[in-house]
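Here's the structure we're looking at; comments come further down.
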Amino acid sequence: EVFQESFKPECHHFNGTERVRFLQQRNYNRQLYLHFDSDVGYFVADSPVSESAVRYLNSQSEILEDRRSAVDRYCRHNYEVSTPFLVGRQ
């Protein structure tokens, strides 16, 4: 048997960087089990199995602060770095 865990970070930009949403989904064997949504500000369980993991992650202030700061550190930063290249190619 093969067990696979993966995560997928996404940035959703609305009107440039005026409103930005960071979403990180975690999958286990292709099943979504939890996600972090910057609009909500904490981890959310997507299956009953992940409820204890979500309780743990939400109790860790360092982890929450890291994910909350991803909007600026990851999304806005990459938008600003990529925009001149992407706009120039149109």
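The values are calculated or read from the model by the stated rules, or taken from the named source; none is laboratory data. Predicted, not measured: the structure shown is a model, and the values here were computed from it. Cβ coordinates were reconstructed from backbone atoms using ideal geometry, including for glycine residues, and neighbour counts include every protein chain displayed. Remember, those area values only see protein heavy atoms, side chains included, never the ligands or the DNA or RNA. Shrake-Rupley method; radii C 1.70, N 1.55, O 1.52, S 1.80 Å.
Looking only at region 64-79, which residues are over 10 Å from the mean Cα position of the chain (by Cα) and open to solvent by 50 Å² or more (accessible area, probe 1.4 Å)? Those that are over 10 Å from the mean Cα position of the chain (by Cα) and open to solvent by 50 Å² or more (accessible area, probe 1.4 Å): E65, D66, D72, R73, R76, H77, N78, Y79. A search for C-beta distances below 9 Å between a residue of region 4-33 that is closer than 14 Å to A53 by Cβ and any residue that is open to solvent by less than 60 Å² (accessible area, probe 1.4 Å) and of a type in the set (D, E), counting only pairs 6+ apart in sequence or on different chains, returns Q24/E10; Q24/D37; Q25/E10. Scanning region 1-49 for residues that are assigned to a loop (DSSP other than H, G, I, E, B) and farther than 16 Å from R76 by Cα yields E1, V2, F3, Q4, N29, R30, V40, G41, D46, S47.
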